[in-house]
Amino acid sequence: MDLWLIWLIAAGVLAVAEIFTLTVALGMLGAAALVTAGFAAVGLPLPLQLLVFTVLAAVSLFFVRPIAVRHLLKPEAERFGVDALVGRAAYVVSEVTGLGGRVRIGGEEWTARAYDETLVIPPGTTVDVIEISGATALVYPRE
């Protein structure tokens, strides 16, 4: 069996393994094996093939992979405006029902409705803001 074919098979196996692991590392090794298969096809001797594979694998794992991982694992974008209020705690100022009420979110008073329309939330209760609908906070009591 030709060496270029062995490198090509190794590249395919590593690519399939990358699909299951999603670590980017096996994909980089597969790419290095694929390039090495090209060098082997043009007749590069085995020791130089191993050197090409080693250099490409090291460069991709130590320099390219951290950049790729950083782009894959971008932090969640900063939320602004009313989107930033979702998930925050609020303090019930006047009784909140499915029809209405008032809550204080971070020093501002908002109209509010209970997220579960059957709930009646008494004043003084701490609630979580589930959603903002227009100028009304939909809230649910903390447990």
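The values are calculated or read from the model by the stated rules, or taken from the named source; none is laboratory data. Note that the structure is a prediction, hence the values are computed from the model and not measured. Using ideal geometry, Cβ is built from the backbone for each residue, glycine included, and neighbour counts are taken over all protein chains shown. Accessible surface areas use protein heavy atoms only, side chains included; no ligands, DNA or RNA. Shrake-Rupley method; radii C 1.70, N 1.55, O 1.52, S 1.80 Å.
Here are some notes:
- Sites ILE67 and THR126 - FRET efficiency at Förster radius 41 Å, r taken between beta-carbons, to 0.05: 0.40
- What the chain shows is 64 Å² of accessible area per residue, with the surface traced by a 1.4 Å probe over protein heavy atoms.
- Between VAL96 and ILE121, the built amide H atoms are under 5 Å apart, and every one of these is 5 or more places off in sequence or on another chain.
- For the Cα trace of the chain, dividing Rg by the Kirkwood Rh returns an Rg/Rh value of 1.48.
- For ARG79, the shell of other residues with beta-carbons less than 14 Å away shows a net charge of -3, using +1 for Lys and Arg and -1 for Asp and Glu.
- Of the peptides 77-88, 92-103, the order by per-residue mean of other Cβ atoms within 10 Å, starting with the highest, comes out as 92-103, 77-88.
- Length available on full extension from LYS74 to ALA89: 0.36 nm per residue minus the Cα-Cα distance, which gives 2.8 nm.
- Expressed as a whole percent, the accessible surface of the stretch 1-102 that belongs to carbon and sulfur atoms is 75, based on a 1.4 Å probe.
- The gain in end-to-end length when the THR118 to ALA58 segment is fully stretched comes to 15.5 nm, 0.36 nm per residue minus the alpha carbon separation.
- Computed extension length for ALA135-ASP2: 40.9 nm, one decimal, from 0.36 nm per residue of separation with the Cα-Cα distance subtracted.
- DSSP H segments from the chain that extend 15 Å or more along their own axis, Cα-based, with Kyte-Doolittle mean of 1.0 or above: 3-21, 25-41, 46-59
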